[in-house]
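Report on the structure given below.
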Amino acid sequence: MQETAATRAAGVLACRPGMKIITWNVNSIRQRLPRALALLERHRPDILCLQETKVTDEEFPLMELGAAGYHAAIFGQKSYNGVAILAREEPASVTRGFPGNPVPEEARVIAARIGGLALVGAYVVNGKEVGNPAYDVKLEWLDAFADWLAATYDPAEPLLVVGDFNVAPDDRDVYSAEAWRGKNLASEPERDRIARLRGWGLTDVARAHHGDVEGPFTFWDYRMGAFHRGWGLRIDLVLASAGVAARVTDVTVDREERKETTGEGKPSDHAPLIVTIEG
DNA sequence: ATGTCACTTTACAAGTGA
């Protein structure tokens, strides 16, 4: 098919048929490498975006992931944060970080172009709790991130912004609206920042695909048996421009990955979010 | 709300971040 302004705007050339994209907060790629390799084998995604890799670029397991058939664009730091894009096709035009970031020393954003798609992988500042200085940094970070997206991308083109947003967009995205009302991860100022991204032209594809239901959750705290008790949150998101969102055929959470019994070693506290897009 | 996990360090326990 010949690419034209019209087809590009419609997102028609966003990706190949059956393109599968996964976003997953791994909580240490060193601890999670066997599970990450098994995940790639299980789903054979075209793209896997990782957050909280927690390693410097020198320590990132490029060899093992390369042997599994994946190119990697990485942006890491010692001990904390760290993001990566793994892809069967080599990522192009890779950028790391973004201008205006109030905490530029923290490795939280990596972007690339893959298969006609603009892809941004993000690990949003956690914020600790409302009233903590870290919470104000979180809001500043989300504002700067949205400013950068608007200055860099056009929601009329095929665009995916994915990752751990550390925000549950509305009350359906927490296991208890009452318990979470006004709390960090669910407070209105954070939700307003996510709403701004939607207003700019991005669709929250898990919400769009699942409709007016609770979840699907992607995170369960390690403590208090939260997973077993169903105490989950939906804080990992895939946000897509309209042309891409219209071609989403499937959105699932790999809850098996959150179980102790799945695969080798311990689970991350996040489960992978899997989005399939038709060509 | 905090019963865990992963990180670090003049390490073998305790603080930090989530």
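Annotations for the structure displayed:
Yes/no matrix, rows are residues, columns are (1) surrounded by 14 or more Cβ atoms within 10 Å (Cβ to Cβ); (2) away from DNA strand B (no atom under 16 Å from the Cβ); (3) in a strand (DSSP E or B):
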site: A:MET224; (1), (2), (3): no, no, no
site: A:ALA240; (1), (2), (3): yes, yes, yes
site: A:GLY243; (1), (2), (3): yes, yes, no
site: A:ASP250; (1), (2), (3): no, yes, yes
site: A:GLU257; (1), (2), (3): yes, no, no
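- Out of A:LYS138, A:LYS128, sole residue that is closer than 25 Å to A:ASN27 by Cβ, assigned to a loop (DSSP other than H, G, I, E, B), of a type in the set (Lys, Arg) and at pLDDT 95 or above: A:LYS128
- Filter result for A:GLY11 (at pLDDT below 95, farther than 15 Å from A:GLU257 by Cα and surrounded by 22 or more Cβ atoms within 10 Å (Cβ to Cβ)): yes
- Those residues of segment A:136-146 which are in contact with a Gly (Cβ under 6 Å, 6 or more places away or on another chain) and within 10 Å of DNA strand B (Cβ to nearest atom), in sequence order: A:LYS138
- For segment A:43-59, a tally of residues being of a type outside the set (Ser, Thr, Tyr), within 16 Å of DNA strand B (Cβ to nearest atom) and farther than 21 Å from A:ARG113 by Cβ returns 5.
- Answer residue from segment A:255-279, given it is of a type in the set (Ser, Thr, Tyr) and out of contact with any Ser or Thr (no Cβ under 9 Å at 6 or more places or on another chain) and is nearest to A:PHE165 (Cα to Cα) among those: A:THR262
- Restricting A:GLU89, A:GLU64 to those that are more than 16 Å from DNA strand B (Cβ to nearest atom) and either within 19 Å of the chain's Cα centre (by Cα) or within 28 Å of A:GLU256 (Cβ to Cβ) (or both) reduces the list to A:GLU89.
- Check on A:ALA168, part of a strand (DSSP E or B), modelled with pLDDT of 95 or more and in contact with a Leu (Cβ under 9 Å, 6 or more places away or on another chain): no
- Within the option set A:GLU190, A:GLU178, A:GLU214, being in a helix (DSSP H, G or I), surrounded by fewer than 20 Cβ atoms within 10 Å (Cβ to Cβ) and within 16 Å of DNA strand B (Cβ to nearest atom) holds for one residue only, A:GLU178.
- Residue selected from segment A:226-238 under the condition in contact with a Phe, Trp or Tyr (Cβ under 8 Å, 6 or more places away or on another chain) and in a helix (DSSP H, G or I), by the criterion nearest to A:LYS183 (Cα to Cα): A:ALA226
- Positions within segment A:94-125 being of a type in the set (Gly, Ala, Ser), closer than 19 Å to A:LYS54 by Cα, assigned to a loop (DSSP other than H, G, I, E, B) and more than 14 Å from DNA strand B (Cβ to nearest atom), in sequence order: A:GLY97
- Taking the criterion of being among the acidic types (Asp, Glu) and without any contact (Cβ under 8 Å) to a residue 60 or more places away in the chain, the residues of segment A:208-237 that qualify are A:ASP212, A:GLU214, A:ASP221.
The values are calculated or read from the model by the stated rules, or taken from the named source; none is laboratory data. Only a predicted model underlies this, so the values are computations on that prediction, with no experimental measurement involved. Quick reminder, even Gly has a Cβ in these numbers, built from the backbone with ideal geometry, and neighbours come from all protein chains shown.
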